[in-house]
Each structure stands twice: as C-alpha cells, then as structure tokens.
Amino acid sequence: MARLVIVSNRVASPKERGAKAGGLAVALREALNKRGGVWFGWSGETQVDPPAEPKIFRSGKVTYALQTLDPEDQRDHYAGYANGTLWPLCHYRLGLLNFRRTEWEGYRRVNATFARALMPLLKPDDIVWVHDYHFIPLASELRALGFEGRIGYFHHIPWPTPEVFLTLPSHAALVRDLSRYDLVGLQTEHDVRALLTYVSSEARGWIAPGGVVGLRDRRFRVATYPIGIDADAFVRDAQAAAGSEDEERLEASLAGRALAVGVDRLDYSKGLPNKFAAFGELLKSHPERRSTVTMMQIAPFSRGEVAEYRALRRELEELAGSINGEYAEFDWVPLRYLNRPFQRATLAAIYRTARLGVVTPLRDGMNLVAKEYVAAQNPEDPGVLVLSRFAGAADELSGSVIVNPYDVEGMADALDTALSMPLDERRDRWRANMDKVARNTIHRWCESFLHDLSGVDDYGADVEPV
Ligand code: ADQ
C-alpha cells in the first residue's frame, strides 16, 4: 500500500485525542496510521525570515511536518486571499469579496513555499491528499518541482456556479491549478455540475463520462465525496450522555420547556442573524410559544483577524440582547448565546436533549453539525432537524424540515411546525436521516476518496470527450 501524505492548513496534534479531536482529524490520522506517511501543514506560527525546512516530529508511523511562515505572507494567504476572497466567493457572498493582487500573489507565494518544504519529504510512489481552498495551487507547485505521483484535492466548501465564479479575477488560473491534480473531490452533485459547467463553457475543456475532464494537455477527474461523521462514536457518546450530569443539569435548567439548539462557528456563511431573527419572529407571530421553548446557540469565535467576522460578532450580540430584552420573563431567558467550544460528550448531551436541531446556513459545503444532531437522537423519541436547503447535507437528509434561510417568516413557521410534530412523524423522519448518516460515514468518505485516487492511471488514451 502506498504511503499517504496529507496536507491541510492546520494539523491535528497527535496529542489531541478522544473527546477533543474532531471526526475529520481522527479519520485522517487513522488513514495515516494504516498506510504510514506524513501530515504536513502550517505550524500556527509566523516569523520574519522563517526557516525553509519544516519542524519535524514523529508519532508511530506518522511524520508530522509543520512549516512556519513569514507574517506578511501568512496574512495575505490566510486572512487575505483564502478567507477574504475564496471563502466569500464559494459561499456566494459577492458583497463581501475583497480581491487584491498582493494577496493573490501572497497566496501563491505561500503555496510555493509549502511545496518547496514538502518536496524533500516525498517519495515517488506517495499518494498526496491536499485539503481545502488554502492550497489549490499546491499541485502546480509540486509538479513544477518534479513530483509526478498521484495528487488529490478535496474542497470542503461549496463550488460556486460559473456566474459567481467568473467574478473572481483569478478564475482561469485557479482552474488551471485544479487541473494539475489527478482527482478533485467535491461535496455535492450541485458543486460538481457547477465546476464542470465552468470547464466546458468558459475554459473550453471537455468532459467524458465518470467526470473525467480534459483541459489543455491535462486530464483529471471531478467527483462527489459527501463527507460524514463517525456515526458509531456519536451514537455511543449520546447513549453515554443519557442520564449524565450534563444532561440532568440541562434538563433541570429548562424546567420542562422544549430546547432548540444551534451549533455553528461564528461565521457569516452560517446564517446566524437570520436564525436569530426567525426565533424572534416565532415568539412574535406565535405568542403561545413564548415561555415554552428555549433556543441555545453555541457559536465559538472564529477568524477574528478578518473584519467581517468582528462585525458579525457585534451584530449577533445586539440581536440576542434585543430578543431577550423584548421577550424574557423573570424565570425564562428565550435565547442562550454561548461563544465557547464544548467537549464532544457535552455537545452530544445537548443535541440529545434538544427537541429541535436548527441548522440554517446561507450556504455550506456539507455541515457536520446536522449529521451529529441526527446521530445523537434517542430513537424512541427523536427530535426534528430543521435544515437549510443550501447546506450540502440537505441532499442526503431529506427527513429534515427543509427551510430557506432567506425567508425569516417561513423559518419561524417551520420552527412552529417542527415543535408540534407528532411522535410517529418524528420517528419516520429521523429513521430516514439516520440511515444516511450511518451509511455515509467519515471512514467511508476517506476510504472511497483514497481508493479512487490510488486507482488513478492517466485516465488512459481510451477516454474520449463526449
Ligand atoms: P465548518 O464550517 O467548520 O466545516 P461543520 O461541518 O458544521 O462546519 O463542522 C463544524 C465541526 O465543529 C462540527 O464537528 C462541530 O461539532 C464542531 N463544533 C462547532 N462548534 C463547536 C463547539 N462550540 N464546541 C465543539 N465543537 C464544535 C467545513 C465546511 C463544512 C463541511 C466541513 C467538513 O464549511 O461545510 O461540512 O468543513 O468538510
């Protein structure tokens, strides 16, 4: 079995285990432990004139390699082009898109730096798996340095439709960069269609069955790999949560009221102002719901170095304050707003206690919280998932109450409907969702991507355009 090399911006430390490590980190580490290999990424540190070689340490069969960056390069790369340009673009937020040539150049420079640091660690037969929009040019840079082995790329966020993608001044260069990979994985069929339509209509490439793409002298494949969670681990955590101290404290604090829960990074793609407004609208237009339901929104801060995230934080504090100011009773706070991370076991207890899981992003690659909420439910008395149609997860989780997050009044009505849903219907919908969550796990995602990447030949001469 070929050695695996994983590249991602942040590298999960081998010390992060059990309750702390996310499902993705655990699955990637498992794949590395099985095959042996390297996990390469940013060290989280900046330094003027940083060393050209990464810091290296080993744990079992895995070598960790962490590259330190020059502070200006890191700013242009991370807060600049990756999170100030590509993130809003891929989430259809053109009003928030900042494009600056210096940042685009910084983004490319960092990718070149990473490629030079990684190259000496590579063996010719290695399989390289690159994660996410921070590293789209990495394959081009590695090819320029002479690496001819297999390189795959997985894009964790949505791929925008051509009309949106064309607003990016560097669109053509970015797709040329994609064509240097052997396999490009996206979350949904919609994303795949969006990229293929761009390739055929704008880049004058051709497409053959199976998503094989020809662009200039390159052939690569584009396919769907919907990411999942470690469903068994989540079910176990949720079962362990039943009757736990966390669950008892939470139940006691609710005093018999229904709980609606949201768990999102504090990010403008997650539609938090709309969600708060919908909850406010529920209390306004369905007054009988007042004092019968509590909403808990967990939203740890994220990307504070990007101005839009600081503005969103202020907006949400104001909205939460105004909803609570208007509707709170001396024994009931309608909206509990918490800005910190929780252990997985505590999250599982919260999900299981909640009658509603409210996941209403304006756009989301997949959204793993939706799947975690489903896995944590008590099959005898499951809660209802209220899910945005613009989350990738909506393709699979058809048992949810699907909403349009731009329609605040419609969302308020959907919350009302979900709160009064009879047990039989809740069970049927949950079963449909749970079947998908249990089948499309993070392990399956990881193995099927690696299986396809390992099987790549050069998409042989027999592949013809259609
Ligand atoms: P994210 O935008 O980070 O991921 P999501 O898929 O929901 O969004 O994953 C968030 C993860 O962080 C979940 O596992 C959740 O449990 C955890 N988390 C969130 N808040 C937490 C808290 N307060 N305490 C502890 N854990 C918390 C990006 C894309 C998504 C895509 C994923 C994976 O934006 O669309 O689903 O990558 O590909």
Within the range 165-240, percent of DSSP bridges classed antiparallel, to nearest 5
65
Checked the range 385-436 against the a/c 1.5 cut and the a/b vs b/c comparison, axes a ≥ b ≥ c from its Cα gyration tensor; verdict oblate
Residues whose built amide H sits under 5 Å from the amide H of LEU259, excluding neighbours closer than 5 in sequence, are THR294, ARG355, LEU356
Other-chain or far-sequence residues with amide H under 5 Å of SER59's (modelled H)
TYR64
How much length is gained if the chain between ASP125 and PHE342 is pulled fully straight, taking 0.36 nm per residue apart and subtracting their Cα-Cα distance, in nm to one decimal?
74.1 nm
Antiparallel DSSP beta bridges within the chain, percent to nearest 5
20
Separation in nanometres of the label points that stand 7 Å from Cα toward Cβ, at SER420 and SER244:
3.4
At what distance in nm do the modelled label points of HIS190 and ARG93 sit from each other, each positioned 7 Å from its Cα along Cα→Cβ?
1.7
Label point distance in nm, MET1-ALA307, each placed 7 Å from Cα along Cα→Cβ:
4.9
Where both partners of a DSSP beta bridge lie in the range 1-115, what percent of those bridges are antiparallel, to the nearest 5?
30
Karplus-derived HN-Hα couplings along the range 426-436 (A = 6.51, B = -1.76, C = 1.60, θ = phi - 60°), whole Hz, x at Gly and Pro
4, 5, 4, 5, 5, 4, 4, 5, 5, 4, 5
The chain: angle of helix 23-35 to the longest principal axis, Cα-based, in degrees nearest 10
40
Relative contact order (%) - criterion: Cα under 8 Å, at least six apart; region: the range 387-446
34
Within the chain: Cβ-based charge dipole about Cα centre, in debye rounded to nearest 20 (Lys, Arg +1; Asp, Glu -1):
920
For the chain, what is the calculated [θ] at 222 nm in deg cm²/dmol (nearest 500), taking -39500 (n - 2.57) for each run of four or more DSSP H residues and dividing by its residue count?
-12000 deg cm²/dmol
Per-residue HN-Hα couplings for the range 182-194 [Karplus 6.51, -1.76, 1.60; θ = phi - 60°; Hz; x = Gly/Pro]:
8, 9, 10, x, 10, 6, 9, 4, 4, 5, 4, 4, 4
What's the ranking of 248-256, 192-200 by average number of surrounding C-beta atoms within 10 Å, highest first?
192-200, 248-256
Which whole-number percent gives the relative contact order of the chain, counting Cα pairs below 8 Å spaced six or more residues apart?
14
Integer Hz, Karplus 6.51/-1.76/1.60 couplings in order for the range 359-376, x for Gly and Pro:
10, 10, x, 6, 6, 8, x, 10, 5, 7, 4, 4, 6, 5, 4, 4, 5, 7
Using alpha-carbon pairs under 8 Å, 6+ residues apart, how would you state the relative contact order of the range 273-369 in percent?
33
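Values quoted throughout were computed directly from the atomic coordinates according to the rules given, and no laboratory measurement underlies them. If you're wondering where the values come from, they're calculated on a predicted model, not measured in any experiment. Cβ sites come from the backbone with ideal geometry, for glycine too, and all protein chains shown count toward neighbours.
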